[in-house]
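Enquirer: Handing you this structure, nothing more for now.
The values are calculated or read from the model by the stated rules, or taken from the named source; none is laboratory data. Note that the coordinates shown come from a computational prediction; the quantities given were computed from them, not determined experimentally. For the accessible areas, the whole protein counts, side chains as well, though only heavy atoms, and no ligand, DNA or RNA atoms are used. Shrake-Rupley method; radii C 1.70, N 1.55, O 1.52, S 1.80 Å.
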Amino acid sequence: MKTLLNLLWLVLSGFWLALGYVLAGIICCLLIVTIPFGIASFRIAGYALWPFGRTTVERRDAGVGSAVGNVLWIIFAGWWLALGHLIGGIGLCLTIIGIPFGIANFKMLPISLMPLGREIVPTDRPFATG
C-alpha cells in the first residue's frame, strides 16, 4: 500500500516539491557557509519524493547551532518551501482522493520550516539514532 501511495504522491505533487528542494539545495551549496542547508535540502528532497512509510523525528544531539541555523533557514528558504506544501495540501484536499496526499503535505510543513536537528526515519523505527 505504501508503494502505491508513494507512486500516486510522486505524480500528484512529490516531483514538484522535490524539485523545489533540489533547487534550494543547489542555491545553498553555491556559498560555502550555507552548505549544511544545501545538504538538509537534498535530504528533504528524497523525503518529498517518497514520504509514505517514513517520518521525521527530532535529533537528541541537536544543539544551539541547529536552532540558529533553523532561524536563518526560515528567513531564506523555509517560508517559500512551506508555502508550497501549504498550497499543495489545500489543493489536494479539495478532492476526496487527494485528502491523504494533502495531509502528507501538511505533515511536511514542520521539516520544511525547520530541517536542522531533525532526522528522517522509517515509520517502523520512529526514533532518532543520533
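Enquirer: Per DSSP H run of at least 4 residues, take -39500 (n - 2.57); add these up for the chain, divide by its residues and hand me the 222 nm value, nearest 500 deg cm²/dmol. Walk me through the intermediate numbers first.
Expert: Numbers: 7 runs with 77 residues, N = 130.
Using -39500 (n - 2.57) per qualifying helix, the result is -18000 deg cm²/dmol.
Enquirer: For the chain, set up a Gaussian network in which alpha carbons nearer than 10 Å are linked by springs, and say which option among Ile35, Ile97, Ile44 fluctuates the most.
Expert: Residue with maximal mean-square fluctuation among Ile35, Ile97, Ile44: Ile97.
Enquirer: At 1.4 Å probe size, with the rest of the protein present, what percent of the exposed accessible area of the stretch 1-101 is carbon and sulfur atoms?
Expert: 80 percent
Enquirer: Taking amide H positions as placed in the peptide plane 1.01 Å from N, state which residues far from Arg54 in sequence (5 or more) or on other chains have amide H under 5 Å from it.
Expert: Under 5 Å from the amide H of Arg54: Thr123.
Enquirer: So, one more: Counting residues in the stretch 54-96 as N, plug N into 2.2 N^0.38 Å and put the Cα Rg over that result.
Expert: It is 1.56.
Enquirer: Tell me the Rg and the Dmax, in Å, that the Cα atoms of the stretch 1-112 produce.
Expert: 14.3, 45
Enquirer: Then there's this: Among Phe76, Phe101, Phe37, Phe42, what's the order by accessible area (1.4 angstrom probe), most exposed first?
Expert: These residues rank, largest area first, as Phe76, Phe42, Phe37, Phe101.
Enquirer: What whole-number volume per residue, in cubic angstrom, does the convex hull of the C-alpha atoms of the stretch 1-41 give? Mind showing how you got there, number by number?
Expert: On the way: hull volume 2.0 nm³, N = 41.
It comes to 48 Å³ per residue, whole-number rounded.
Enquirer: Most fluctuating residue of Ile32, Ile87, Ile111 in a GNM of the chain with Cα springs under 10 Å: which is it?
Expert: Ile32
Enquirer: While we're looking at this one, here's another question. What does the convex hull of the Cα atoms of the stretch 68-130 come to per residue, in Å³, rounded to a whole number?
Expert: Numbers: hull volume 4.3 nm³, N = 63.
For the stretch 68-130, the hull spanned by Cα atoms encloses 68 Å³ per residue.
Enquirer: Also, I was wondering about something else. Top mean-square fluctuation among Gly63, Gly46, Gly88, Gaussian network model of the chain, C-alpha springs under 10 Å?
Expert: Gly63
Enquirer: So with the 1.4 Å probe, I'd like the accessible area per residue for the chain, rounded to whole Å².
Expert: Per-residue value: 56 Å².
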